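The structure appears right after this line, and notes come after that.
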Amino acid sequence: MRVRYLSALRDRAGVREEPVELAAGSRLRELADWLARTRALKLPDPLVMATLNGKGWGQYPQAMETPLADGDEVALFPVVGGG
């Protein structure tokens with residue numbers, strides 16, 4: 001799978017994108033644990049939008065138990081507000 005860091009999160013992570021290898025059968029929860037350990041990003045976070053293959057993590061019925069597969073792409077970017 002590939003993780004892409006956008007906007008200010010790119011600066012915080014120090015990379016634009018990176019491949020991530022997790023054990024077979026891993027779920028979003030394991031990816032969140034990996035991001036906390038390696039990039040100090042604690043997810044879910046109301047200030048960070050996280051998508052899996054273009055769909056917000058919260059949109060998946062299994063939430064953090066959503067299984068991951070080879071070829072998945074996760075994008076992380078700060079939430080933008082305004083009015």
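The values are calculated or read from the model by the stated rules, or taken from the named source; none is laboratory data. In this text, all values refer to a predicted model and were calculated from it rather than measured experimentally. In this analysis, Cβ positions are derived from the backbone assuming ideal geometry, glycine residues included, and neighbour counts consider all displayed protein chains. Calculation scope for accessible area: heavy atoms of the full protein, side chains included, ligands and nucleic acids excluded. Shrake-Rupley method; radii C 1.70, N 1.55, O 1.52, S 1.80 Å.
Table: residues versus (1) modelled with pLDDT under 95; (2) more than 12 Å from the chain's Cα centre (by Cα); (3) not small (G, A, S).
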| residue | (1), (2), (3) |
| --- | --- |
| V3 | no, no, yes |
| L6 | no, no, yes |
| R12 | yes, yes, yes |
| E18 | no, no, yes |
| E21 | no, yes, yes |
| M49 | no, no, yes |
| Y60 | no, yes, yes |
| E73 | no, no, yes |
For M64, are the conditions met, namely being of a type in the set (A, V, I, L, M), part of a helix (DSSP H, G or I) and either open to solvent by less than 40 Å² (accessible area, probe 1.4 Å) or touching a Pro at 6+ places or on another chain (Cβ under 8 Å) (or both)? yes
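Among residues belonging to region 41-50 that are open to solvent by 60 Å² or more (accessible area, probe 1.4 Å) and not charged (D, E, K, R), point out the one that is nearest to F77 (Cα to Cα).
Initial filter on region 41-50 (open to solvent by 60 Å² or more (accessible area, probe 1.4 Å)): 42, 44, 46-47, 49.
This time we only want the ones that are not charged (D, E, K, R), so: 44, 46-47, 49.
Values: P44: 12, P46: 11, L47: 9, M49: 5 Å.
It comes out as M49.
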Inter-residue pairs, beta-carbon under 9 Å, first within 18 Å of P19 (Cβ to Cβ) and in region 36-65, second of a type in the set (S, T, N, Q) and buried (at least 16 other Cβ atoms within 10 Å of the Cβ), 6+ apart: L52/T66
Matching residues in region 8-33 (assigned to a loop (DSSP other than H, G, I, E, B) and open to solvent by less than 70 Å² (accessible area, probe 1.4 Å)) number 6
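When you check A36 against the structure, is it over 17 Å from G71 (Cα atoms) and either at pLDDT 95 or above or surrounded by fewer than 12 Cβ atoms within 10 Å (Cβ to Cβ) (or both), yes or no?
yes
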Please list, ordered by first then second residue, the pairs with beta carbon atoms under 8 Å, 6 or more apart or interchain, first in region 11-31 and in contact (Cβ under 8 Å) with a residue 24 or more places away in the chain and among the acidic types (D, E), second surrounded by fewer than 16 Cβ atoms within 10 Å (Cβ to Cβ) and in a loop (DSSP other than H, G, I, E, B). E30/L22; E30/A23
